[in-house]
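Participant: My questions all concern the structure below.
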Amino acid sequence: MKTKRFVTVLLVSVLAVLLLASISFGQEAGKIRMDAYRIQLADWQKREADARTKIDQLQKDIEGLNREIAGLTTDVDNEWTSIYQMLGADKAAVDTYRRNLDDLESQVDGLSALSSEELFQRRDEIKTIEEKLAGMKKNKIYLLSEMQDKVATIEGKLMRLKNKLPKSIYDNYTVLHGDYLWRISKKPDIYSDPMQWMKIYTYNREMIKNPDLIYPDWILKIPRQIGPNEYMVVKGDFLRKIASNPDVFGDPAGWTKIYEANKGVISDPNTIYPYQIFVIPKN
């Protein structure tokens, strides 16, 4: 009985010791976790403080840069004011000039999309654009390098456009056995009018030396629209009258230039015929 009681007491004592040891270990572990948390918290707080310090410094740097930018903007504005004064213009006038150049460039780009035949129909637009561009180059605003570059770009596009522009519009016709100019001109798919044979003759002056002699397999040009350096005679014309035309020379004395350039098809300067096509020398 005593032995049994002793064993019981011993077990209770062991359990008590183990319980106390467990409580002590738990308290120690909790203390370790709390210390680690405090260390990490202190590290986070330090990082936050460092970040705030950097943010404050960056904010100061940004404010400094904004002040510099404002100063530079003022300097730039002052420089432009001086430039506008030298040009005798203002910002609004320069902006308008720039928009006008943009409009001209858009026109040129639009014309570039046309076929050669369509472009020939609208060749006067090219001349108008060139005249507008020439007028804009007389404006002092053109002295700005930006405008000079833009004008140069447009002029380059115009040059390519003019190279694409045909000198005239014509069809080709292959001479058949039994053909003569009067007969060719009379055909429905040519002019349906024999009197217009003069067009074919004068337009093919390099090939046809004698209008009464043409040969099979010759390929003749059948003019549909004459070019800017050509003139088709109408009823009542004479050389002095043609030379007086503002679109020709605007000077009757220029008739000799027409005669010299077209001697091959003008046998007598006092006698010319409707439908003759003359070359108009521009130099």
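Participant: Comparing LEU65, LEU158, LEU181, which has the greatest mean-square fluctuation in the GNM of the chain with Cα pairs linked when under 10 Å apart?
Facilitator: LEU65
Participant: Which angle between 0 and 90 degrees, to the nearest 10, do you get for helix 123-137 versus the longest principal axis of the chain when only C-alpha atoms count?
Facilitator: 60
Participant: Could I ask something else about it? Of the cross-linked pairs LYS127/LYS221; LYS137/LYS157; LYS187/LYS241; LYS167/LYS282; LYS221/LYS263, which ones have a Cα-Cα span greater than 22 Å in the structure shown?
Facilitator: LYS127/LYS221; LYS187/LYS241
Participant: Using only the C-alpha atoms of the stretch 167-283, find the volume of their convex hull and express it per residue in Å³. The partial results should precede the final answer.
Facilitator: Details: hull volume 11.8 nm³, N = 117.
In the stretch 167-283, the Cα convex hull volume per residue is 101 Å³.
Participant: Something else about it: At R0 = 30 Å, how high is the FRET efficiency between TYR273 and GLU130 if r is their beta carbon distance? Nearest 0.05 is fine.
Facilitator: For R0 = 30 Å, the calculated efficiency reads 0.30.
Participant: A further question follows. Residue by residue, what Karplus-based ³J(HN,Hα) values in Hz, rounded to whole numbers, does the stretch 258-269 have, using 6.51, -1.76 and 1.60 with θ = phi - 60° and x for Gly and Pro?
Facilitator: 5, 4, 4, 6, 10, 4, x, 10, 10, 7, 9, x
Participant: Using label points projected 7 Å from each Cα along Cα→Cβ, tell me how many nm separate ILE83 and TYR259, to one decimal.
Facilitator: Label-label distance for ILE83 and TYR259, simple model: 5.8 nm.
Participant: Let me ask something else about it. From the helices alone, meaning DSSP H stretches of at least four residues, give me the mean residue ellipticity at 222 nm for the chain, per-run term -39500 (n - 2.57), in deg cm²/dmol to the nearest 500. Please report the intermediate quantities before stating the final value.
Facilitator: On the way: 9 runs with 175 residues, N = 283.
The helix contribution divided over the chain gives -21000 deg cm²/dmol.
Participant: Next question, about the same structure. Return the single residue from ILE39, ILE266, ILE214 with maximal mean-square fluctuation; model: Gaussian network over the chain, springs between Cα atoms under 10 Å.
Facilitator: In the Gaussian network model the winner is ILE39.
Participant: Tell me, what ³J(HN,Hα) does each residue in the stretch 206-222 have, in order and in whole Hz, if you take phi through Karplus 6.51 cos²θ - 1.76 cosθ + 1.60 with θ = phi - 60° and put x for Gly and Pro?
Facilitator: Result, rounded to whole Hz: 6, 9, 9, 8, 10, x, 8, 10, 10, 10, x, 6, 5, 10, 9, 8, 9.
We did not get these values from a lab; they are worked out from the coordinates using the rules stated. Predicted model, so just to flag it, every value in this text is computed and none were measured. Every residue, glycine as well, gets a Cβ built from its backbone with ideal geometry; the counts of neighbours run over all protein chains shown.
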